[in-house]
Amino acid sequence: MISRRSFVKGGATLFAGAAMNVGKAGVFAADSFSPLGFHNGPANGYDNEPMQRVFGRAPKDLTGVLYRNGPAHFRRGDQTLNHWFDGDGLVRAFRIAGGNANLSAQFVKTIKRRRDEEAGRFIMPGFGTPAAPGAPVTGPDDANAANTALLSVEDRLWALWEAGSPFDIDPNDLSTNGPVVLRDDLAQMPFSAHPKVSPDGMIWNFGLAYGHPFAFLWGLSSRGAVVRSGIINLPSASYMHDWAVTQTKLIFPLQPWVFTRQQPPFVRSLTWQPENGLKVLVVDKDDFDNRQIYELPAGAFFHTGNAFEEPDGTIRFDVCLAERPTLDAEEGSAILRGGTLNRATPHMTMAVLKPNGTAEFEHTSISAEFPRVDPRQEGLRHSRVYSVTEGALTTNMGYRFNTVMAMDWTTGTQDTFDFGLNVLVEEPIFAPHPNKTDHGWLLVPTLHLDKKATCLHVFDASNLYDGPVVSWQAAAPLPLSFHGVWSAA
Amino acid sequence: MVRKIFDRHLSKTIAIAGAVLFASGSVAEPPGAFQNGAGTSTPMATLTFNIEVIKAQGAVMIALFDSAPAYGGKGQPVRATRVPAEKLEMTTSFEGLKPGTYAVKAYHDLDGDGQLSVNPFGLPIEPFAFSNGAQAHYGPPSFDKAALTIGAGETQDTLRFAK
Ligand SMILES: [Fe+2]
C-alpha cells in the first residue's frame, strides 16, 4: 500500500486526476515570462472558487478560514517593480468546511493601487521602488500597499503593511473599507506587519520612525482599542521588520542594517554595518522606561518566531538569522525578474539573553524562514517552531524553500516534509484543535511550478514527515504570499 | 525625556516608509498670521478661492504668500484668513492685491485649535491643500508648482481638501 508520504511526494501522481481549469489558466498566460511566484494576481479576484481535493480527507474538526496576504501585482505595461515587497496586497481566503475547501482572493483597494491604476503605471513609492516625479505622496498611507500580513480583530480583518495604518477588510467578501484610524491623534502612525497577540488577547505592535532611532509602541485590546502607547528610544535607526514579545517583555532586535542617508527608494537608505553587531533592546510591558540592552554578533533577519522567559530571567527567542541582509535592493529586484540569486541563507537560530546581561546565539545549520508557533504558546515556552526550509534539491532562482519543517529545540531534531524541486512552500500556519490543547494542524500553502497551481495542504502538526492528511488544488496559481492568520469557525 | 529628544527631530523632516518624507508643520504659520488683514496696497487684483471640504466642521486656514522664501517658511504670508467650514463649499477672496505671483498653503482645522494637528511622528493629520491644484510630494509642493500669476481683476482658483 502506498503511504501518504510517497503518494504526495510523487508530484505527478498527486495531480494526475486534477484537471486544470483552462479559463483560469489564461489569467497568467500573459505573464509567462515572469517567474510564477511573482506574476500578477487576478485583477478581479476570485469568489469562493472550489478547490479540488487531490489527496486524503479533511480532519472533521478543522473548520475555519485561512487568510493570507502577499504582494501580487508586479507589472504594468513595460514596467516591473523594483522590489518584491512593493506589489499590491492580494488577500486570499481558503475556507475549509464540511471536508471541502474553496478559495477567494481580492486585491486590497489601497490609495496606492488606485493612484497607480489611474496613472496606468506604477507611480507610487515602496520599499525598493521610488516614486515617480510629482506623484502625490501626502503621507505614509498614500504609499501603503497593505501587502504583508493580516490580523483578525474582533469580526474584522486588517491587512497590514509596516509603515502605515492597517487597512480594514471585510472578512466575508474581502472588500476594502480603508485605512484604520486607531485614534484620531494617531492617524497614519506606522503599525508593523508583525503584531503579537498574547494568549490574553492583548495585541502588541510597533511602528518605526524610519530614519530615526525611535519606534512607536501600540498596545491594543482584543477589540482594537488603544490601551497603551508611547515612543521608544532605540539604540540605532535599524531596519526592523519583526520583533518578539514574551509574557512581560517587548523585545526589539536591532540588526546593523541601519538607515544612514535619505536616498529614495527606502532600501537604498540602509547601510550594512556588521562591525556594530546586533543590539537587542528589552522593555518592560508595564514600564516602557525599564530598559535593558544586550549585545550580540552581527546578523540580519526579517523574522523572529516565538519568545519566552525562563524562571531565572533568561529570555529566548527564535530568529531566522542570515550573515548579511537578504532581499536588499538588488535581490528584491532580481527575484521578480527570475535572475539567479546568491542570497545569504537565513538559518534557524535561538537568541539567548541572560540574566547577567550577556547574550549569545545558538546557531543551527538549518535554513529557515517564516517561523511560526502554536498561537496558544505566544510569549510562552515552546519547543516546536514551524517554518519553511530548503529540501534536498533546490535552485538558485529566487525563492528556494520547498520543504516544511518543525524544529524541536527540546530534542534538537527536525520533522520535515520535502515537496521536491518544483514546489515552493509558503509560511505554515498552526490551526489549534478546537478542544484538544496539545493538538493542532499545520496549514501549508504551496505553489506548484510544473502544474501551475496553488495548493493547500493540511498536516498533523505533530507529524510532518508522513505528509499531508489532505491536499487541495486551486484552479490557478497565485503569486507567493507572505503571512497569514487562521480564523476558526 | 524620550519625547524631548524626539521633538528635536520634528523640526526637520521625518522619513516614513520607503523614505517618504513629509515636512512637519508644513502649513503651520507664525502666531497671528491668520488674522484678517486690512488691505493696505492699491486695490488692483482679486484672488478668489473656491473651497471644497469633505466635512462641515472647524475652519479652513489659508495663508497667501508672494515669494518662494516666504512660502518656504522664511517669511510671513502677505495675507491670511480663517474661513469657518460651515458648509462643504465656500468661497473667500483676497482683494486689493498687487498683480503678481502668489501661492497658498491651507489646511482644514477640523478640531478648531488654530494649529495643523500632527501625529506623534510629526506628520500632518488634518487635511491640507495648495493653490493651483498642486499636490504634496514628500512634503509641500514648491512655490512654483503652487503659484498663480494674477493680473488686474478677479482670478479664481480652487482649494480641494481631499481627506
Ligand atoms: Fe514578515
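Using C-alpha pairs under 8 Å with a sequence gap of at least 6, the mean separation divided by the residue count of the range A:4-488 gives a relative contact order of 15 percent.
Averaged over the residues of peptide A:201-208, the number of Cβ atoms from other protein chains lying within 10 Å of each residue's Cβ is 1. Restricting the calculation to alpha carbons of the range A:345-489 gives Rg and Dmax of 15.8, 56 angstrom. For the range A:256-327, applying the loop criterion from DSSP together with a ceiling of 15 other beta carbons within 10 Å to the GluC sites (Glu not before Pro) yields A:Glu323. Taken as Cα centroids, the range A:282-341 and the range B:122-159 sit 43 Å apart, rounded to the nearest whole angstrom.
Descending by average beta-carbon neighbour count within 10 Å, the peptides A:431-440, A:445-454, A:477-486, B:95-104 line up as A:477-486, A:445-454, B:95-104, A:431-440, the highest first. Between the residues B:Pro84, A:His382, B:Ile150, the greatest Cα displacement towards the positive end of the dipole of the protein assembly as shown, with unit charges on the Cβ of Lys, Arg, Asp and Glu, is found for B:Ile150. For the range A:226-307, the ratio of Cα radius of gyration to the globular rule of thumb 2.2 N^0.38 Å stands at 1.15. Note on the protein assembly as shown: with charges restricted to the Cβ of Lys and Arg (+1) and Asp and Glu (-1), its dipole about the Cα centre is near 720 debye. Entry for the range A:276-355 at q = 0.15, 0.16, 0.17 Å⁻¹: log10 I(q)/I(0) = -0.65, -0.71, -0.77, Debye formula applied to identical alpha-carbon scatterers, no solvent contribution. Using equal-weight Cα scatterers in the Debye expression, the normalised intensity of the range A:94-173 in log10 at q = 0.14 Å⁻¹ is -0.54. Highest average first, the peptides B:130-143, A:131-144 ordered by how many other beta carbon atoms sit within 10 Å of their residues are A:131-144, B:130-143. If you average the sequence gap of Cα pairs under 8 Å that are 6 or more apart and divide by the length of the range A:203-246, what percent do you get for the contact order? Here the relative contact order equals 35 percent. Cβ-Cβ distance of A:Asp173 and B:Thr91, R₀ of 35 Å, FRET efficiency by 1/(1 + (r/R0)^6): the value works out to about 0.25.
Over all directions, the projected convex hull of the C-alpha atoms in the range A:4-488 averages 20.8 nm² in area. Proximity of backbone amide H atoms, modeled 1.01 Å from N, is registered between A:Gly277 and A:Ala298 at under 5 Å, excluding neighbours fewer than 5 places apart on the same chain.
Backbone amide hydrogens, once placed in the peptide plane, bring A:Asn82 within less than 5 Å of nothing, excluding anything fewer than 5 places away on its chain. Think of the range A:4-488 as a dipole: +1 on every Lys or Arg Cβ, -1 on every Asp or Glu Cβ, centred on the Cα centre; then among A:Pro133, A:His457, A:Asn82, A:His457 lies furthest on the positive end.
Of the trypsin sites (Lys or Arg not before Pro) found in the range A:347-394, no site is in coil according to DSSP while having at most 11 other Cβ atoms within 10 Å of its Cβ.
For A:Asp61 and A:Glu362, the FRET efficiency from 1/(1 + (r/R0)^6), where r spans their Cβ atoms and R0 equals 30 Å, is about 0.25. Mean partner shielding of peptide B:120-132, defined as the number of other chain Cβ atoms within 10 Å of each residue Cβ, is 4. Rounded to the nearest Å, what's the spacing between the alpha carbon centres of the range A:94-168 and the range A:442-489? Just the number, please. First find each Cα centre; the distance between them is then 23 Å. Fraction of C-alpha pairs exceeding 15 angstrom in the range B:108-154: 57 percent, rounded to a whole number.
Within the range A:150-206, the proportion of Cα pairs with more than 20 Å between them is 21 percent.
Between amide H atoms placed 1.01 Å from N, distances below 5 Å from B:Val118 occur with B:Ile125, all of them 5 or more places distant or on a separate chain. Between B:Asp111 and A:Thr314, the FRET efficiency from the beta-carbon distance, with R0 = 51 Å, is close to 0.60. Only helices enter this figure: runs of n ≥ 4 DSSP H residues, each worth -39500 (n - 2.57), summed and divided by the residues of chain A, yield -2000 deg cm²/dmol at 222 nm to the nearest 500. Ordering A:Gln188, A:Asn276, A:Ile335 by Cα displacement along the dipole of chain A toward the positive end leaves A:Ile335 in first place; charges were set at the Cβ atoms of Lys, Arg (+1) and Asp, Glu (-1).
Taken together, the values in this text are just the output of simple stated rules run on the coordinates, not laboratory data. Not measured: the values here are computed from a predicted model. Positions of Cβ are generated from backbone atoms using ideal geometry, with glycine treated the same way; all protein chains shown enter the neighbour counts.
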